[in-house]
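The values are calculated or read from the model by the stated rules, or taken from the named source; none is laboratory data. Since the structure is predicted, the reported quantities are computational estimates derived from the model, not experimental observations. Note that each Cβ is placed from the backbone with ideal geometry, even for glycine, and that neighbours are counted across all protein chains shown.
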Amino acid sequence: MTSEVKIPDPIDLDRAEEARLRRVAGLAAQRTTPAGEYAGFESVGLPELPPQTERERQVYTLEEGEMLVNMGPQHPSTHGVMRLVVKVRGEVVTDIDPVLGYLHRGIEKLCEEATYTTVLTYVDPMDYLSTMHNEHAPAIAFEKLYGITPPRRAEYIRALVVELNRIFSHSLMMGFLALDMGGITPILYGFINRDEIVDMLSAISGQRMLFNFFRVGGVNWDTNDEFLSRLGTWRGNVLKNVEMSERVMTDNEVFRARTIGMGTLSGKDAIALGVSGPNLRASGVAFDVRKAHPYSIYPELEFEVITQAGGDSNARYLQRLAEVKQSIHLIDQIIDKMPHGPVQAQVPGIIRPKPGRAYAAIESPRGLYSVYAISDGGPTPYRFRMRDPSFVSLQAIPKLMPGRLIADTMAVMASFDPVMGGVDK
Amino acid sequence: MWTDEDTVEVSISGDRNVAVLQVLRDDPELNFFFLADAAAVDYGPTEHFEVVYHLYSDRHPAWLRVRARVNRADPHVPTITGLWEGAMFHEREMYDMMGILFDGNRDLRRIYMSPDYRSFPQRKDFLLPDDAADSSAAGVRPLERPETWDLSRLSDELGPGVLANAEGES
Amino acid sequence: MDLLLGVLRFLLATTLILLLTVPTAFVVIQMELKIIAGAQLRYGPNRVGPWGMFQSTIHGFKVLAKEDHIPDQADRATFTLAPWMVYMAAAMSMLVIPFAPGAIAADFNIGIVYFFAVLGLSVVGLLVAGWASYNKYSLLGGLRSAAQMVSYEIPLTLSVVGAVVLAGTLNFREVIEWQLEHGWMLIWQPVGLAIFYIASLAEINRTPFDMVEADSELVAGPFTEYSGMRFGFFFFAEYVALFIMSGIMAALFFGGWLAPWPFPAQLDGFVGTLYGVVWFFIKTYLFVALAVLLRVTLVRVRVDQLMGAAWKVLLPLAMVNLLVTAAVVVVFKL
């Protein structure tokens, strides 16, 4: 090594690289076309797009006075990366085409090469605001495949963290709903609520967001002192905190004017569209997977399915508020009834379930989240399919928005609470 | 293969799916009003596909799984968007990932991959490097063409030699 | 000689006003940062200076340091002109604000009319900004802002006419002197005050009426393509306008430089000027704080609801207020 090493400037490296690539592609070494064109496309041509489908033609043909506005993948107020191509006439929306796939990570295909325990870590970042639910459904499916039941204490702990997750996911949704309409305070209250719960969950699982907590056959760690003390403190404060956020939003005149009557989805339409969870219940249909097809310990807990009449954004907001209170009530029952015992069944590190199929559906904060797993007897699943509720709820947006103003698009979408991680898998 | 106790399974052939699902949905005794999931399974490079529907009814305690068998060589299935509008995204995803074509679907285009993508990622015979080399961007992106990799750049000694290497190679 | 003195005085006053706009903006922005933080249960800026006092000042200098970028196809002349127009609207209207007896930069006989006329210049500035940016979204934002501001100017000016009729003058100083004798205008014109407050918030594009900069929809509206000090002009102009509107509200409806108690409400000489200035600033900053609290609590009103409120509610109310005031003045020979 000489004492003077000249590190080439990255710009020079880029230019040299581009010159070599152009020579490889058979072009002249220097560009003669204006900046902004990709080198090399002249030789391979632009990609051919498949022919337009009927719906595409419907959306992308502009009539007199219409304009396509791109609420692009980078929005300032976003639920992830999604592109909404909105066809507007003035301020009125005439059609919407959601373009997805910006966050697609190929999780389903990845999981076919991962052992069952690893799959549980891969599914965490799908719907990253309700991580415990993402893990719960595959855990149930794999336990069905493997033929074991987790111990009672594990089931209770699962239910506890799942309800905690539901509370903070709903708090965040309420904050994002206000934020998308310009209210800058409720989001911070939502994050205060979330922080308390997340600190608690980090005491039990070691992570703040992508809790790698569930295992096939139970949960990974038992509750510890710090978790229990934080739980106690939180439980003492939570109703006051919820009431604080509620006060800023529920009776806020402008908020009510912006949400009442907006994005009204009837129960029939909601079922046809596949919408589930709080969105469906806000339209009056009493379908809650925890009651409809009970799983885990929900048969032992006392609760009722809450619905709202109306199906507008305000109803969806009120529904989530009511569900937060219901979850707090459920957590009280869980804490009362929690038995002692082991928290994980004896399961080998790499499980090889017998060949079979299993389907498990749970109620996530966004709706019905289900996993369809096929095992071929090997260490990895043969097919691992997740059905994410935000993915399906997103179809409601093009149905609801035409005839409304652009400003409502964001507000109505926020009231459906999609999370792009789940939509794009 | 067995199936889990709280699901009832029905296997049908692909072209009868609309008829079967319609009966399941409309019959008041059965009343499977909610389409919980529509998924596609690939059983191997020489085997068939399967389109799997999971349905929920409030009159029956178990989930119902309808497995519709689809030919691999000619993967056409009628669309169920007439029964459930919400199946549109599911069918788009099945087309995008598996290449199953749904007859009668008004909007059968790719949903996750870019519109000019040419293969179907979740098939069992999908290979990523082949696909990339075959893509329309081949020839431009050096990582997809091993002959364009400049291994000398990976050496410890950086210096004017790097640029000379880049200029000299063809 | 008189003329020369007059001209000198005028130049001095205008320079002072121009210089005053910048610290005013800094103070108002700092207030906003801290009050919003308090409402959101945060600390707000607390590193730069004691209690984070200099945060907004440093923001001002930061804005100077940014790259000045004009889009390729934007119309350079109008692109450059737009921020000046908006800022000048704010600065010029500051000329007539009655800070204290003897401390008014320009004591016009038609001060109130001048004020509202000059305020309208900012509408033109925003429109020009939206058009000159060569950007679909800026254009939409500029059009929306023009529609909003023009619609709300009418109830704004009408609400003040009631007070003018009562006081019998268009001069700010004389309105305050009227209030010295008859009590603060807010007890005479409560409806006018309400309309004025709402319309003034809409006029300066504060939440709940900030459709113009609805950043969740159209990025930053007409300011999308502006960077660096150009954006700084718009930004400061908004906060200076907030200060001005609060000041005018204090002057017209809350007694301006008068103390809330009648002993004494107003002093003479230099001490009197100080006394008046202190009271004026207390009232103005109270209203600024109120506007900030409104911003932190309320969500944005939608554009059609906004326009509906202006034309269908505020305007008829303002006209009725004016009629009733005029009738009362005539009948009771006030």
Return yes when B:H54 is within 8 Å of chain A (Cβ to nearest Cβ), within 27 Å of A:A137 (Cα to Cα) and not aromatic (F, W, Y) and no when it is not. yes
When the residues of the range A:185-215 are narrowed to those that are more than 22 Å from the chain's Cα centre (by Cα) and of a type outside the set (G, A, S), which ends up farthest from C:L293 (Cα to Cα)? A:I204
Members of the range C:34-79 found to be over 30 Å from A:Y189 (Cα atoms) and surrounded by 14 or more Cβ atoms within 10 Å (Cβ to Cβ), listed by number: C:V63, C:I70, C:P71, C:A74, C:D75, C:T78, C:F79
Which ones in the range A:86-107 are basic (K, R), out of contact with any strand residue (DSSP E or B) (no Cβ under 6 Å at 6 or more places or on another chain) and free of Cβ contacts under 8 Å to residues at least 40 places away in the same chain? A:R89
Name the residues in the range B:37-83 that are within 23 Å of A:D269 (Cα to Cα), surrounded by 20 or more Cβ atoms within 10 Å (Cβ to Cβ) and acidic (D, E), would you? B:D37
Looking at A:R320, is it charged (D, E, K, R), in contact with an Asp or Glu (Cβ under 7 Å, 6 or more places away or on another chain) and not in a strand (DSSP E or B)? no
When residues of the range A:227-250 are limited to those that are out of contact with any helix residue (DSSP H, G or I) (no Cβ under 9 Å at 6 or more places or on another chain) and small (G, A, S), the one nearest to C:L293 (Cα to Cα): A:G236
Count - residues of the range C:316-334 that are free of Cβ contacts under 8 Å to residues at least 12 places away in the same chain and among the small types (G, A, S): 1
Qualifying residue in the range B:63-71 (condition: within 11 Å of another protein chain (Cβ to nearest Cβ), among the β-branched types (V, I, T) and within 20 Å of A:L145 (Cα to Cα)): no
Any hit, the range C:284-304, residues being out of contact with any strand residue (DSSP E or B) (no Cβ under 9 Å at 6 or more places or on another chain), more than 30 Å from A:L188 (Cα to Cα) and aromatic (F, W, Y): no
Please find, among B:I111, B:I100, B:I80, the residue that is at negative phi, within 7 Å of another protein chain (Cβ to nearest Cβ) and among the β-branched types (V, I, T). B:I111
Any residue at all in the range A:232-239 that is more than 14 Å from every other protein chain (Cβ to nearest Cβ), touching a residue at least 60 places away in the same chain (Cβ under 8 Å) and surrounded by fewer than 18 Cβ atoms within 10 Å (Cβ to Cβ)? yes
Kindly indicate whether any position in the range C:1-16 is outside any helix (DSSP H, G or I), modelled with pLDDT under 90 and out of contact with any helix residue (DSSP H, G or I) (no Cβ under 8 Å at 6 or more places or on another chain). yes
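Please determine whether any residue of the range C:195-205 is under 22 Å from C:F243 (Cα atoms), away from every other protein chain (no Cβ under 14 Å) and either of a type in the set (S, T, Y) or surrounded by fewer than 20 Cβ atoms within 10 Å (Cβ to Cβ) (or both). Explain how you work it out, then say what you get.
So the first thing to find is which residues in the range C:195-205 are under 22 Å from C:F243 (Cα atoms), and the list is C:195-205.
Checking the rest, the ones that are also away from every other protein chain (no Cβ under 14 Å) come to C:195-197, C:199-200, C:203-204.
From what is left, the residues that are either of a type in the set (S, T, Y) or surrounded by fewer than 20 Cβ atoms within 10 Å (Cβ to Cβ) (or both) are C:197, C:200.
Yes - at least one qualifying residue is present in the range C:195-205.
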From A:P186, A:P150, residue being on the phi < 0 side of the Ramachandran plot, at pLDDT 90 or above and not aliphatic (A, V, I, L, M): A:P150
Going by the conditions given, is A:V69 at the interface with another protein chain (Cβ under 9 Å from one of its Cβ atoms) and at pLDDT 65 or above? yes
Enumeration of residues in the range A:334-354 that are buried (at least 18 other Cβ atoms within 10 Å of the Cβ) and in a helix (DSSP H, G or I): A:I334
When (1) under 24 Å from the mean Cα position of the chain (by Cα); (2) within 14 Å of chain A (Cβ to nearest Cβ); (3) without any contact (Cβ under 8 Å) to a residue 60 or more places away in the chain are applied to C:Y43, the one that fails is (1)
Could you grab me the full set of residues in the range C:17-59 that are small (G, A, S) and in a helix (DSSP H, G or I)? C:A25, C:A37, C:G38, C:A39, C:G52, C:S56
Taking A:I192 as the residue in question, decide whether it is surrounded by fewer than 24 Cβ atoms within 10 Å (Cβ to Cβ), touching a residue at least 40 places away in the same chain (Cβ under 8 Å) and out of contact with any Asp or Glu (no Cβ under 6 Å at 6 or more places or on another chain). yes
Matching entry among A:E91, A:E113, A:E108 (being more than 25 Å from A:M413 (Cα to Cα), surrounded by fewer than 18 Cβ atoms within 10 Å (Cβ to Cβ) and either in contact with a Leu (Cβ under 7 Å, 6 or more places away or on another chain) or away from chain C (no Cβ under 14 Å) (or both)): A:E113
Across the range C:296-308, the tally of residues that are in contact (Cβ under 8 Å) with a residue 24 or more places away in the chain and more than 7 Å from every other protein chain (Cβ to nearest Cβ) stands at 2
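Kindly provide the set of residues from the range B:48-85 that are basic (K, R), outside any loop (DSSP other than H, G, I, E, B) and within 24 Å of A:V275 (Cβ to Cβ), ordered by number.
B:R65
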